[in-house]
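Following: one structure in structure tokens, then a few remarks.
The values are calculated or read from the model by the stated rules, or taken from the named source; none is laboratory data. Just so you know, these numbers come straight off a predicted model, no measurement behind them. Cβ: placed from backbone, ideal geometry, glycine included. Neighbour counts: every protein chain shown. Accessible surface is based on the protein model in full, side chains and every heavy atom, while ligands, DNA and RNA are left aside. Shrake-Rupley method; radii C 1.70, N 1.55, O 1.52, S 1.80 Å.
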Amino acid sequence: MSIRVENLSHTYNPGTPFERCAIDDVTFEINDGEFVAIVGETGSGKSTLIQHFNGLLKPTKGRIFVDEVDIWGKGVGLKSIRQKVGLVFQYPEHQLFEETVFKDIAFGPRNIGIPDDEVESRVQEAMKMVGLDYKELRDRSPFELSGGEKRRVAMAGVIAMKPSVIVLDEPASGLDPRGRDTILAEIRELHEKFGFTVVLVSHSMEDVAKLARRVVVLHKARLIADGPTKDVFSNEDILRRAGLEVPQVTRLMHELKRRNMDVRTDILTVEEAKHEIIRVLKGGDSGVS
Ligand code: ADP
Ligand code: MG
């Protein structure tokens, strides 16, 4: 499953005083099996961009291909596109509305005519994938759950549609630290254990460094960088332009370097930093990563 964005532009309220170009001539591709992060400041166009992936927004210019099919081409059913590309909105818990967790997660599959027994097994499986106990929670009201649990119910609702790609818009925002960690661990599992292609929109460079292998940077509606996480995060120029902070641990390595410790600076996690600092303290050879 691939998503290709070709010269995409999106203007809100064209021809009115509120006209706003939110995406300006963006081209890139997401390939099967990737874990890609989309980053950028508030207002840079991230949410607008991802809502084109499954046809929620229509391009003002340009085209979107899902598995090489132009999704706005003649005779293409957006319903099937929306099933392949699952979108978890920012604050998705605001879209929970059924009286039980089961009914909420089952809503999408039922809506596309999946038979009852399969709906049940899908709900069970989806809840397991996001770490929710089926027996304990199925008959509970989603409104009684914790913030993190509500969000995982919403994610399960998307997973129950059996998409190939899961797109998550700021999935950890507004949660307490423990809720964040749990959600991020679940997302990592969705990719590593269950094989979903994942697109993660985030403004936390710490989270992105831990999870994504590739980063796409938006700045004022334009794509200004696209590459392996290490490369993008070691490009201070790009980061400064995009108003992004590198992870603390990466900053620490830059600081050590400035103080004449001969460490590598393309370090993204505490674990890597630990190894690198120990290596240097032991007077080791330059590390092969
Ligand atoms: P991000 O997700 O990176 O914060 P958005 O895609 O939400 O960025 O917004 C990009 C720009 O488009 C912003 O200037 C925002 O104000 C504007 N915008 C977003 N949604 C709408 C809308 N529905 N109508 C008009 N302008 C919008
Ligand atoms: Mg947004």
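Only one of (1) of a type in the set (Gly, Ala, Ser); (2) touching a Pro at 6+ places or on another chain (Cβ under 8 Å); (3) without any contact (Cβ under 8 Å) to a residue 24 or more places away in the chain fails for ALA154. Which number is that?
Unmet condition: (3).
With the requirement that a residue be within 16 Å of ligand 2 (Cβ to nearest atom) and more than 26 Å from PHE233 (Cβ to Cβ), what does the stretch 53-71 give you?
Of the residues in the stretch 53-71, the ones within 16 Å of ligand 2 (Cβ to nearest atom) are 53-54, 56-57.
Listed by number, the residues that qualify are ASN54, LEU56, LEU57.
Looking at VAL216, VAL246, can you tell me which residue is part of a loop (DSSP other than H, G, I, E, B) and within 21 Å of the chain's Cα centre (by Cα)? Let's see the steps before the verdict.
Working: VAL216 fails: part of a loop (DSSP other than H, G, I, E, B).
Exactly one of VAL216, VAL246 is part of a loop (DSSP other than H, G, I, E, B) and within 21 Å of the chain's Cα centre (by Cα), namely VAL246.
Does the stretch 64-73 contain any residue that is open to solvent by less than 60 Å² (accessible area, probe 1.4 Å) and either of a type in the set (Gly, Ala, Ser) or near ligand 1 (Cβ under 9 Å from one of its atoms) (or both)?
Yes, that holds for at least one residue.
Considering every residue within the stretch 193-214, establish whether at least one is of a type in the set (Lys, Arg), within 16 Å of ligand 2 (Cβ to nearest atom) and surrounded by fewer than 18 Cβ atoms within 10 Å (Cβ to Cβ). Steps first, please.
Our first condition is that a residue be of a type in the set (Lys, Arg); within the stretch 193-214, this holds for 193, 210, 213-214.
Subsequent filtering for residues that are within 16 Å of ligand 2 (Cβ to nearest atom) retains none.
For the stretch 193-214, residues of a type in the set (Lys, Arg), within 16 Å of ligand 2 (Cβ to nearest atom) and surrounded by fewer than 18 Cβ atoms within 10 Å (Cβ to Cβ): absent.
Starting from residues that are among the hydrophobic types (A, V, I, L, M, F, W, C) and free of Cβ contacts under 8 Å to residues at least 24 places away in the same chain, keep the ones in the stretch 240-259 and report whichever is most open to solvent (accessible area, probe 1.4 Å).
LEU252
Among the numbered criteria (1) open to solvent by less than 20 Å² (accessible area, probe 1.4 Å); (2) farther than 23 Å from VAL66 by Cβ, which one does PRO163 miss?
(2)
Any residue in the stretch 31-54 that's farther than 21 Å from GLU245 by Cβ: show its pairings with residues that are of a type in the set (Lys, Arg) and near ligand 1 (Cβ under 10 Å from one of its atoms) at Cβ separation under 7 Å, as long as the two are six or more apart or on different chains.
Partner pairs satisfying both residue conditions: none exist.
Go through the stretch 72-91 and report how many residues are on the phi > 0 side of the Ramachandran plot and within 16 Å of ligand 2 (Cβ to nearest atom). Working first, answer last.
Step one: list which residues in the stretch 72-91 are on the phi > 0 side of the Ramachandran plot, which gives 75, 91.
If we keep only those that are within 16 Å of ligand 2 (Cβ to nearest atom) too, we end up with 91.
Residues meeting the conditions: 1.
Which pairs turn up if I take residues in the stretch 193-206 that are outside the structural domain of PHE89 (by TED's automatic domain parsing) and look for partners that are hydrophobic (A, V, I, L, M, F, W, C) with beta carbon separation below 9 Å, at least 6 apart in sequence or on another chain?
Note: no pairs meet the criteria.
In the stretch 226-236, is there at least one residue being surrounded by 13 or more Cβ atoms within 10 Å (Cβ to Cβ), part of a loop (DSSP other than H, G, I, E, B) and modelled with pLDDT of 95 or more?
Scanning the stretch 226-236 turns up no residue that is surrounded by 13 or more Cβ atoms within 10 Å (Cβ to Cβ), part of a loop (DSSP other than H, G, I, E, B) and modelled with pLDDT of 95 or more.
Considering only residues of the stretch 157-178 that are in a loop (DSSP other than H, G, I, E, B) and within 16 Å of ligand 1 (Cβ to nearest atom), which is farthest from ILE81 (Cα to Cα)? Let's see the steps before the verdict.
Quick first cut of the stretch 157-178, residues in a loop (DSSP other than H, G, I, E, B) only: 160-164, 170-176.
Filter once more, keeping what is within 16 Å of ligand 1 (Cβ to nearest atom): 170-174.
Details: GLU170: 22, PRO171: 22, ALA172: 25, SER173: 27, GLY174: 29 Å.
Within the stretch 157-178, the match that is farthest from ILE81 (Cα to Cα) is GLY174.
Do we have ASP262 as out of contact with any Cys (no Cβ under 9 Å at 6 or more places or on another chain), assigned by TED's automatic domain parsing to the domain that holds GLU34, open to solvent by 50 Å² or more (accessible area, probe 1.4 Å) and away from ligand 2 (no atom under 16 Å from the Cβ) here?
no
Looking for whichever is among the hydrophobic types (A, V, I, L, M, F, W, C), in a helix (DSSP H, G or I) and within 16 Å of ligand 1 (Cβ to nearest atom) here; the options are LEU87, LEU49. Which one fits?
Working: LEU87 fails: in a helix (DSSP H, G or I).
Matching residue, one of LEU87, LEU49: LEU49.
Just to be sure I understand, how many residues within the stretch 1-41 are within 16 Å of ligand 2 (Cβ to nearest atom), within 17 Å of LEU168 (Cβ to Cβ) and not aliphatic (A, V, I, L, M)?
Adding up the residues that qualify gives 1.
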